[in-house]
1. Which one is farthest from Gln98 (Cα to Cα) among residues in segment 118-147 that are in contact with a strand residue (DSSP E or B) (Cβ under 6 Å, 6 or more places away or on another chain) and surrounded by fewer than 16 Cβ atoms within 10 Å (Cβ to Cβ)?
2. On the basis of being at pLDDT 95 or above, assigned to a strand (DSSP E or B), under 15 Å from the mean Cα position of the chain (by Cα) and crowded, with 20+ Cβ neighbours inside 10 Å, does Leu150 make the cut?
3. Step by step: first the residues of segment 78-98, then only those that are surrounded by 17 or more Cβ atoms within 10 Å (Cβ to Cβ) and part of a strand (DSSP E or B), then the one that is nearest to the chain's Cα centre (by Cα). Which residue is that?
4. Would you please name the residue that is modelled with the highest pLDDT, looking only at residues in segment 67-89 that are aromatic (Phe, Trp, Tyr) and in contact with a Lys or Arg (Cβ under 9 Å, 6 or more places away or on another chain)?
5. List, please: which pairs have Cβ atoms under 7 Å, are six or more places apart or on different chains, and start with a residue in segment 78-93 that is under 22 Å from Leu125 (Cβ atoms) and end with one that is among the charged types (D, E, K, R) and not in a loop (DSSP other than H, G, I, E, B)?
Amino acid sequence: MEIFDKKGKLIFPDAKRFRKIATEKGIIAQEKKILIQQVYCSNGHPLVHPQNPKFDNEPGIHLICEGETIWQSVYLSPFQGDCRKEFKKEFKMGEILQIYCPECHTQFPKFAPHDCQSDAMYLALFFDQEANYYNTVCVCNVWGCYASFLRLAGEIFSEVRTQISTRRV
């Protein structure tokens with residue numbers, strides 16, 4: 001995407017276009033929160049179901065997380081930047097997790113490295129059933145790191161930086 005037009009002027013993103021795309025992908029801005037209403041694994045299985053545990057009356061995002069000694073369902077809040085989640089047993093703070101679809105058990109693909117610790121990665125969850133990397137929710141695979149970003153039409157739509165450092169020195 002071009003940053004400057006032919007006259008050298010800075011091109012600003014089209015806010016109306018992004019709002020339209022966001023609405024189509026199930027993203028709703030509520031006051032100071034961004035609600036994610038639909039997200040899929042790379043095989044097109046939905047991760048948000050009405051029967052999932054609720055966060056402020058909205059169903060959570062269901063993932064299977066595997067650590068060194070634990071394999072369990074984890075439900076993330078559907079609000080970007082909201083640290084709430086439901087699970088049965090706590091992973092170790094800073095533990096790198098393998099994260100899978102609860103339906104087909106396919107691992108979520110790595111999207112980009114994250115700097116909260118040396119082996120941390122952003123994993124891609126998709127707004128499209130076709131697993132389009134232009135439209136993704138990217139979450140860090142480190143337990144206790146809440147960094148995420150939403151990518152629409154290949155552009156960063158929203159980003160949350162982690163508040164808790166899990167970096168081991």
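1. It comes out as Gln129.
2. On the way: at pLDDT 95 or above: no; assigned to a strand (DSSP E or B): yes; under 15 Å from the mean Cα position of the chain (by Cα): yes; crowded, with 20+ Cβ neighbours inside 10 Å: yes.
No.
3. Within segment 78-98, the match that is nearest to the chain's Cα centre (by Cα) is Phe79.
4. Narrowing segment 67-89 to residues aromatic (Phe, Trp, Tyr): 71, 75, 79, 87.
Next, only the ones that are in contact with a Lys or Arg (Cβ under 9 Å, 6 or more places away or on another chain) stay: 75, 79.
Values: Tyr75: 97, Phe79: 89.
Restricting to residues being aromatic (Phe, Trp, Tyr) and in contact with a Lys or Arg (Cβ under 9 Å, 6 or more places away or on another chain), the top hit is Tyr75.
5. These pairs meet every condition: Pro78/Glu58; Phe79/Lys33.
One line per residue, one yes/no per condition, for (1) in a strand (DSSP E or B); (2) modelled with pLDDT of 95 or more; (3) in contact with a strand residue (DSSP E or B) (Cβ under 7 Å, 6 or more places away or on another chain); (4) surrounded by fewer than 18 Cβ atoms within 10 Å (Cβ to Cβ):
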{"site": "Glu2", "(1), (2), (3), (4)": "no, no, no, yes"}
{"site": "Pro13", "(1), (2), (3), (4)": "no, no, yes, yes"}
{"site": "Asn52", "(1), (2), (3), (4)": "no, yes, yes, no"}
{"site": "His62", "(1), (2), (3), (4)": "yes, yes, yes, no"}
{"site": "Cys65", "(1), (2), (3), (4)": "yes, yes, yes, no"}
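The values are calculated or read from the model by the stated rules, or taken from the named source; none is laboratory data. Bear in mind the structure is a predicted one, so any value in this text is a computation, not a measurement. As a convention, Cβ positions derive from the backbone with ideal geometry for all residues, glycine included, and neighbour counts pool all protein chains shown.
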